[in-house]
1. Looking at (1) part of a loop (DSSP other than H, G, I, E, B); (2) within 21 Å of the chain's Cα centre (by Cα); (3) more than 19 Å from HIS351 (Cα to Cα), which one does ASN488 not meet, given that it meets all the others?
2. Tell me yes or no: at least one residue of the stretch 396-406 is within 23 Å of the chain's Cα centre (by Cα) and hydrophobic (A, V, I, L, M, F, W, C).
3. Does ASP766 meet the test of being within 26 Å of VAL588 (Cβ to Cβ) and surrounded by fewer than 24 Cβ atoms within 10 Å (Cβ to Cβ)?
4. Output the qualifying pairs, or none if there are none: Cβ atoms under 7 angstrom, residues six or more apart or on different chains, first residue in the stretch 847-873 and more than 21 Å from GLY522 (Cα to Cα), second residue polar (S, T, N, Q).
5. Report, by residue number, each residue of the stretch 187-218 that is within 24 Å of ASN88 (Cβ to Cβ) and either at pLDDT below 95 or surrounded by 23 or more Cβ atoms within 10 Å (Cβ to Cβ) (or both).
6. Which one of these is under 22 Å from ARG255 (Cβ atoms) and touching a Gly at 6+ places or on another chain (Cβ under 8 Å): ALA523, ALA439, ALA467, ALA478?
7. For the stretch 698-744, give me each residue that is among the small types (Gly, Ala, Ser) and over 30 Å from ILE503 (Cα atoms).
8. List every residue pair whose Cβ atoms lie under 6 Å apart, where the two residues are 6 or more positions apart in sequence or sit on different chains, the first residue falls within the stretch 532-560 and is at positive phi, and the second residue, located anywhere, is surrounded by fewer than 22 Cβ atoms within 10 Å (Cβ to Cβ).
Amino acid sequence: MGKRLKKINLTINGQAKQVVADDKMVLLDLLREHLQLTGAKQSCDRKGQCGACTVIVNKKAVLSCLTKVQKLEGATVISVEGLGTPDNPHLIQEAFALAGAIQCGFCTPGMIMASKALLDVNLNPTVDEIKYALRRNICRCTGYAKIIEAVQLAARFLRKELTPDEIRPKPTDAKMGISHVRPSALLKACGTARFAADIAMPGALEIAVVRSPHFHAEIKNIDFTEAEKMPGFVGSLTAADIKGTNRLKYIVGDRPVICEDRVRTLGDAVAVVVAKNRDQALAAVDAVKVEYELLPEIRSTDAALAPDAVQIHPDRPNLCFAQPMIKGDAAKGFAHAESIVEECFSTQFNHQAPMEPENSVAYMEGKGEDATLVVMGRGINIHLHMSMLQEALGFENIRYEEPFSGGQFGIKLEIFTEGIAAAAALKFNQPVRYTPSIAESMLITSKRHPFDMKIKMGADAKGKLTALEMDITVDNGAYNSIGNVIINRALHMLSSSYYIPNINVSSKLIYSNNPWGSAARGAGPPQAHYALECAMDLLAKKLDMDPLAFRKLNSLEPGLTKATGHPVDQWPFPELCDAIKPNYDRAVADAASHDNKTTVKRGVGLGAAAFGIGFPGDKSISAVELEADDGVTVYAAAADPGEGNDSMLTQLAAQVLELPLDKVRAVTRTTAKTAAAGPASGSRVTLMIGGATVAALEQLKKAMDEVGSKTFEAFKAADVPTRYVGNRATVETAPLDPETGQGPSSESDVHAVQLAEVEVNTETGDVRVVKMTTAVDAGTVINPNNLTGQLEGGMDMGVGYALREEFIAGETKDWRTFKFPTMKTAFDMETVIRETPRTRGTLGATGVGEMAMVSTAPAVINAIKDACGVLITDLPATPEKVLAALKSADKA
C-alpha cells in the first residue's frame, strides 16, 4: 500500500508554507530536511525523551519529532530561527547567553523554545513552574542551574525591569574575571551553529553498519546478496577494502575500523552498506547475512585471569598493563597506626552521555593525486585523529574539521564513526554521511572504566595518616585505547589532597569482552577517589574526629610529597576547608534539626579532591596573527565542546594585547590552519594551550611595543612579522617508574571540597539530593560564568554517577534506560570560589572541568551513610542497593 499524502497549509516563522506530507512525516523532518531550519535537534531517536526538537505550535511547546505534519493544517509554527538572529536576538536568547546557560549548545534551542512558551503566558514563574515547563528538556552540560537562572533573567527583561545592555559586559571592560559572553553563545542560542548533522551535503550517500550481536565470535562469512537487491543500494565495505593498517591506535593497535575475522564485543563493526538515503541504507543493512562461530565470552576480570581463559587478543595477554606504587614502608606505617579501616569498593560501566548522537561527514575535495579527504566529525584532538586515520586508511592527504560539538566529556578522544565514513568516501569517491541512532551511538562508543578496589588506611592517635594500601583492578573491555593512561592518572592523584607517607598499591588493567573503556570526565580519579574519600570518612569516624577537620589536618603542604614522591610547591587546600566550613556547619545543623524519627533521614557528606593538570611530557603549540583589519586571530587546535575554550583564548588575547574583545577571534576547528596542540582533555586546555597562546601573544605584544602601533599597516611599513608561534611544555618529562610508581607529577593542581546534603527514604531506598556545594581553588578566574558552569554541570554528572547512571551492554539504549538527569532530579547548588594564582599557571589560571565531578560521588555516598548508617560500596547507589544495605544492617 502506498503512502497516504495530504496537502497542508501552515505558517512557519511568519511565512505561509504549503507542503504535501505523507502520513509519516513529522515536523522535525519538515523543518530540518525540507526547510533547512536546523536549530531543532534530534537526540533521543524520536522517543520524546530529550526536548532538543522543541518548537512552538499554536502557542504551545511541542516535540517536533513526534508531531505529524498532516495534523498541522492551519497551524502557526515558530522554531528558534523565528525568534531572532545573532545580530538581533530575542530577549530570551540574550538571557541564555548572559546567564552562562549555553555550553555545548545542542539542547539550547529546545530549551529556549520551551522557555518562550512558558513566558508567553507567565512572566513571573516560580522555580517549580520553570522546572515543570522544561520537564521534557534535558541537558548534560549545565546541571540546569544556569538554565533556570536564564529563564528568570529573561522574565525580568520581558517585564522591563532590566535590559541586556545594563548587565552585558562591554568589550572594553576588564578582560579577566569578567563573564564576557562566549563568542559562540548567540550562534547556539539562535540555532545557526552548525553541528555535524546540520551540514548541508546535497546528494551525500548514507551509511549503515552491520554490528555484531555477539560479545565474542569469529566471522565466518558475510553475504551481501540480498542487500544488493535492495532499493537505493550503492555498495558495501568490509575490512578488505581498507588499504591501511585498519587499526585506530593510541597505545596499542588493537581496535579495527572494521573487524576482519573476529568480533570482541557487542556492537563491533562487521560490514558497511552505502545507499542513496538513510532509510535505504538501514533496510539494506538488515538484509546482510553474517555467519558467526561463537567463542567463549570473558565478562569479568576474574574470568579473564583464569588459567584456562581464552585470550581476547591472541598476540597479547589478558593482563595488558600493571603499575605498582610504592612509597615509604606501608607495613611500618600500619604498625604505627592507632586506627585502621579496610573496605572493598566497585564502580560501574558508565556512559559519558553527550546529547549529540555520533555523526560524521566525509568527502573528497579536488581530483587525482591532489585530492584531499575531508573528514568532519566531533573530535577533541583533531591532529591526532587525522594521523590515526592516515595510518588506518593508508591515505595521507587528509584534513580533519570539527563542527560544533554537542558535548563529549572525554568520549571524543576516540574515533568512532569518522573512520567508517572516511573509508567509504575513499572507496566510492562520493560524499558520505554516517548518522547512527542514539541507541547505536551508545553501543559503539567507549565507556568509563569500572574499578574494583580494596583499600586499607591507617592513622595515628593524633589523626595523622600513616599508611595506605590499595589493590585496583580495572576492566578495560575489548580494546586498550588509553587504559594505561587511566590507571596512571588514578595513581598520580591517588593521595588526593593529603600527605600519606607510606603507600603500597598494585593496579591491573585487564582485557575482557565487555564495552571498552577510554576517557571520561576525570578519567580514573573519580573511581579511585570514591574509595579514598569514603575510607577517609570511615577513618574519621573511627577516630571520633570531625570529617572536615580530619581532612584539613592531613592536608599536603609545600615541600611534602604526593603519592608519586613528587613534592608540591603550592597547596591551598587548608584554606579551602576554611572557606567551605560555614556551609558545612550550617548543613550539619540543618541535618541535626531534621526529624529523623520519620522514614526520611537527613545526612551530610564530604568529598575532597586535588586534580593534577600538566603531566610530564605534555606540550602545546599555538599561533597568533595581526590581521589586515587590525584584529588579532588566535590559531589553536583547542576543541570547545562546551567548556568555554573560545572565551578563554579570546579573553587571554585581549588581556595580553590590551585590546577590546571585539578585536579578537579564534580559529580552532580545522587541521588546515592549526598545529597539533594536544587533546582538549585532562582539563589541560587553559594551562597548556592557553599557556602556548600567551607565549605567542607576548611575542606579538613585544613587537607592537617596538613598532609603536597595533595596526597591520604599521607592521607592514616597518617590515615586522604579523604572525607569532608560542609553545608551552611541562618542566618535567619523565614517566612514573615502572617498578615503584615514583616520579614527577603534574605541574599544577586544582583543589576542591564538595558538600552533599541528602535525604534517604528508608522505606523505599530513594535518595534525594537536597543541595550540593563545591568550594574550589582553580587559580586566577578568567570567566566566572564558565567556571561555575563547569562546577554545576560536574556536580549534576557526579550525582548521576553516584545514584542512577549505569551502562549495561544490550540493555541501555536511550536516555530513559540510562537514567539521564532531568529537571526533576535537579537540586540546589552553591559554589565557593577562592583564587590562588598558580606559579606555573596561564596568567595564574589552571583548569577545572574534570575536577568538578571527582569528589561528588563519595560526598553523596558519605551523606547517605550519615543519614541512615549504611555505606554503599558498589556504585550506583540505587534504591534497591540502599534497601538491601538497610536490611542487612537490621539483621546484623
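The values are calculated or read from the model by the stated rules, or taken from the named source; none is laboratory data. None of the values given here were measured: they were computed from a predicted structure. Here the Cβ positions follow ideal geometry from the backbone for every residue, glycine too, while neighbour counts run over all protein chains shown.
1. So the condition that ASN488 fails would be (1).
2. Filtering the stretch 396-406 down to residues within 23 Å of the chain's Cα centre (by Cα) leaves 400-406.
Then keep just the ones that are hydrophobic (A, V, I, L, M, F, W, C); that gives 404.
Within the stretch 396-406 (the criterion being within 23 Å of the chain's Cα centre (by Cα) and hydrophobic (A, V, I, L, M, F, W, C)), the answer is yes, since at least one residue qualifies.
3. Details: within 26 Å of VAL588 (Cβ to Cβ): yes; surrounded by fewer than 24 Cβ atoms within 10 Å (Cβ to Cβ): yes.
It is true that ASP766 is within 26 Å of VAL588 (Cβ to Cβ) and surrounded by fewer than 24 Cβ atoms within 10 Å (Cβ to Cβ).
4. Cβ pairs passing all conditions: CYS868/THR762.
5. First, pick out the residues of the stretch 187-218 that are within 24 Å of ASN88 (Cβ to Cβ): 187-195, 198, 200.
If the condition is that a residue be within 24 Å of ASN88 (Cβ to Cβ) and either at pLDDT below 95 or surrounded by 23 or more Cβ atoms within 10 Å (Cβ to Cβ) (or both), then LYS188, ALA189, CYS190, GLY191, ALA193, ALA200 are the ones that fit.
6. Numbers: ALA439 fails: touching a Gly at 6+ places or on another chain (Cβ under 8 Å); ALA467 fails: under 22 Å from ARG255 (Cβ atoms); ALA478 fails: touching a Gly at 6+ places or on another chain (Cβ under 8 Å).
Result of the check over ALA523, ALA439, ALA467, ALA478: ALA523.
7. Here is the first cut: in the stretch 698-744, the residues among the small types (Gly, Ala, Ser) are 703, 708-709, 714, 717-718, 726, 729, 734, 741, 743.
If the condition is that a residue be among the small types (Gly, Ala, Ser) and over 30 Å from ILE503 (Cα atoms), then ALA703, GLY708, SER709, ALA714, ALA717, ALA718, GLY726 are the ones that fit.
8. Pairs found: GLY559/PRO567.
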